[in-house]
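Q: Quick one: structure below, then a few questions.
The values are calculated or read from the model by the stated rules, or taken from the named source; none is laboratory data. This one's a predicted model, so the numbers in the text were calculated from it and none came from an experiment. Positions of Cβ are generated from backbone atoms using ideal geometry, with glycine treated the same way; all protein chains shown enter the neighbour counts.
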Amino acid sequence: MNFEEINNYLQNFTGTELRKDIPDLLSHLKKEALDNSDQDLAKNIWCLEQVYIVIAHYLNAFRHLHEKDFFEAWCQLDRAEIELSFLRRHFDYSGNKYNLGIIENHVLQLQKMFPYQYFFSRESVVKKWYCSICNEEISLRKSCGHKVGEIYNGEQCCRVAGDIEFLGIALVTDPFDKYTVIFPKGLDYNYSMLESLMVNFKDPFQIWELSITKKLKVEYEGAGKNRPCICNSGKKYKMCCLKSGNDLYDHYHINFFVDAPTTIIPVSEQFVHTWK
Amino acid sequence: MLHESHKTKELKVNDVNLSFSEIYRKPYFPHEHEESIKKANLLLLPFEGMRGFEKPVFPEETMSFYNYIREYENNELIPDICISDQDYHELELHADLITLPLLLLDKVVLPIAIGLITHYLTQKQVARKRDLKVKVNVTVVDGDKSKSLSYEGDVDQFEETVKAASDNLFNS
């Protein structure tokens with residue numbers, strides 16, 4: 001396959017498994033491009049490599065979700081998101097080219113349906129930085145000239161941390177590294193929202209939308225604003241849970257957009273807790 | 001410098017004693033760069049005493065922010081960073097929160113600084129394609145007085161919030 005054939009293959013791909021020989025083919029094409037000093041082609045090939053990687057991680061996540069291997073699915077979605085962020089500034093995928101629009105949307109929506117709330121976050125001090133392109137040490141006032149995020153010789157430039165001093169671990173709710181999920185002993189996460197979704201989510205490029213709205217908790221229905229708050233805080237409702245929003249819960253609603261609605265099995269409303 | 005923020009837009013304004021001349025006396029002040037640093041009207045400063053680490057540290061991606069402000073085209077702005085290359089250390093917290101280094105600047109360049117920070121943050125948000133939170137602490141030197149403006153909250157609320165406070169505090 002030449003560049004155009006691979007490009008067409010990825011652009012029209014709608015299956016569940018990618019051809020496994022594509023990375024080697026692209027690597028070979030990139031080497032040829034660099035031998036011919038064709039930096040533009042090498043960059044375009046890097047973009048296709050990234051497209052392949054993003055789709056592959058997404059398909060892995062989809063497969064793991066069906067196999068109920070939820071944590072692995074979570075990690076694959078995280079990788080898909082990260083790899084897509086590397087690609088975004090270099091590649092126009094507007095109009096859902098290569099199905100990346102659907103993938104981008106589904107990754108973000110699927111992440112919201114996981115029960116994970118707490119994560120570990122590493123605290124460390126980095127004392128030295130190196131350039132991934134030329135391996136030169138980078139300092140504040142001395143740069144090798146390569147810019148982070150740009151593509152050189154068909155590779156993306158990044159900074160490599162060196163001489164790292166580990167300080168500690170913190171518990172956070174919004175980590176950069178999403179794979180650092182905490183699994184407390186004796187507690188099992190409740191994945192029932194994802195399990196309900198996967199009953200109908202049969203095709204990885206199927207279109208569906210998640211909407212999250214706030215709804216009033218049943219116990220607060222009819223509560224008087226000037227009456228004591230039912231959480232027993234001693235304050236008036238309007239100064240307590242009405243003000244803080246603790247009287248509301250997140251309501252998740254999924255709409256599938258299909259030609260034959262009868263193929264979708266409706267899911268009744270249910271309350272889902274973080275833990276089983 | 002906590003790991004995360006749940007605030008939408010919070011701005012705290014305080015009178016402080018921090019000034020350029022006080023920074024020039026700091027132990028971490030790099031005397032080999034004295035000439036250029038003393039010309040600067042916007043200085044990036046480290047956090048001191050973070051997490052028990054004995055040396056001053058900058059938040060992650062300060063080097064990228066420093067490169068960005070150096071390339072920001074404006075004739076009035078003279079930016080620099082108050083640390084030597086050898087003593088530059090980054091504290092990584094690996095949280096999805098942008099923390100900028102402490103900024104000390106002359107009142108004259110405050111509007112420019114607000115613009116450049118906004119542009120930097122917007123670029124970050126566009127690249128990540130998700131809503132981001134930020135912590136920014138700017139100390140504005142106005143003659144022999146200084147005020148610190150500490151913003152914590154949504155990236156897209158930063159400009160409006162800080163600009164309104166700046167107009168109120170320094171242009172009235």
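Q: State yes or no: is A:Lys202 in contact with a helix residue (DSSP H, G or I) (Cβ under 6 Å, 6 or more places away or on another chain), assigned to a loop (DSSP other than H, G, I, E, B) and modelled with pLDDT of 90 or more?
A: Working: in contact with a helix residue (DSSP H, G or I) (Cβ under 6 Å, 6 or more places away or on another chain): no; assigned to a loop (DSSP other than H, G, I, E, B): yes; modelled with pLDDT of 90 or more: yes.
No.
Q: Only one of (1) among the basic types (Lys, Arg); (2) surrounded by 14 or more Cβ atoms within 10 Å (Cβ to Cβ); (3) at the interface with another protein chain (Cβ under 9 Å from one of its Cβ atoms) is not met by A:Lys128, so which one is it?
A: The number of the failed condition is (3).
A quick yes/no check of all residues on (1) crowded, with 20+ Cβ neighbours inside 10 Å; (2) modelled with pLDDT of 90 or more; (3) closer than 26 Å to A:Val126 by Cβ:
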{"site": "B:Asn74", "(1), (2), (3)": "no, no, no"}
{"site": "B:Ala95", "(1), (2), (3)": "yes, no, yes"}
{"site": "B:Pro101", "(1), (2), (3)": "yes, yes, yes"}
{"site": "B:Val108", "(1), (2), (3)": "no, yes, no"}
{"site": "B:Asp131", "(1), (2), (3)": "no, no, no"}
{"site": "B:Asp156", "(1), (2), (3)": "no, yes, no"}
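Q: Same structure, new question: Restricting to region B:42-62, count the residues that are more than 8 Å from chain A (Cβ to nearest Cβ) and assigned to a helix (DSSP H, G or I).
A: 2
Q: Are there any pairs with C-beta distances below 8 angstrom linking a residue in region B:63-76 that is within 10 Å of chain A (Cβ to nearest Cβ) to a residue that is among the β-branched types (Val, Ile, Thr) and in a loop (DSSP other than H, G, I, E, B), with the two at least 6 apart or on different chains, and if so which?
A: Qualifying pairs under 8 Å: B:Ser64/A:Val148.
Q: Of (1) surrounded by fewer than 17 Cβ atoms within 10 Å (Cβ to Cβ); (2) outside any helix (DSSP H, G or I), B:His119 satisfies all except one. Which?
A: In the conditions (1) surrounded by fewer than 17 Cβ atoms within 10 Å (Cβ to Cβ); (2) outside any helix (DSSP H, G or I), B:His119 misses (2) alone.
Q: In the list A:Arg141, A:Arg122, which residue meets the criterion of being charged (D, E, K, R), within 14 Å of chain B (Cβ to nearest Cβ) and assigned to a strand (DSSP E or B)?
A: A:Arg122
Q: Quick one: would you say B:Lys135 is closer than 16 Å to B:Phe65 by Cα, out of contact with any helix residue (DSSP H, G or I) (no Cβ under 7 Å at 6 or more places or on another chain), in contact (Cβ under 8 Å) with a residue 12 or more places away in the chain and not aromatic (Phe, Trp, Tyr)?
A: In short, yes.
Q: Determine, yes or no, whether A:Asp78 is more than 8 Å from every other protein chain (Cβ to nearest Cβ), out of contact with any Leu (no Cβ under 9 Å at 6 or more places or on another chain) and surrounded by fewer than 16 Cβ atoms within 10 Å (Cβ to Cβ).
A: On the way: more than 8 Å from every other protein chain (Cβ to nearest Cβ): yes; out of contact with any Leu (no Cβ under 9 Å at 6 or more places or on another chain): yes; surrounded by fewer than 16 Cβ atoms within 10 Å (Cβ to Cβ): no.
Considered against the rule, which asks whether it is more than 8 Å from every other protein chain (Cβ to nearest Cβ), out of contact with any Leu (no Cβ under 9 Å at 6 or more places or on another chain) and surrounded by fewer than 16 Cβ atoms within 10 Å (Cβ to Cβ), A:Asp78 comes out as no.
Q: Select, from A:Lys202, A:Lys225, A:Lys235, the only residue that is away from chain B (no Cβ under 14 Å), charged (D, E, K, R) and in contact (Cβ under 8 Å) with a residue 12 or more places away in the chain.
A: A:Lys225
Listed here are the residues, each with its yes/no results for (1) touching a helix residue (DSSP H, G or I) at 6+ places or on another chain (Cβ under 6 Å); (2) within 11 Å of chain B (Cβ to nearest Cβ); (3) exposed (fewer than 15 other Cβ atoms within 10 Å of the Cβ); (4) at pLDDT 95 or above.
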| site | (1), (2), (3), (4) |
| --- | --- |
| A:Ile103 | yes, no, no, yes |
| A:Val107 | yes, yes, no, yes |
| A:Phe114 | yes, no, no, yes |
| A:Cys134 | no, no, yes, yes |
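Q: If I go through region B:30-54 residue by residue, how many of them are farther than 14 Å from B:Leu104 by Cα and surrounded by fewer than 18 Cβ atoms within 10 Å (Cβ to Cβ)?
A: 11
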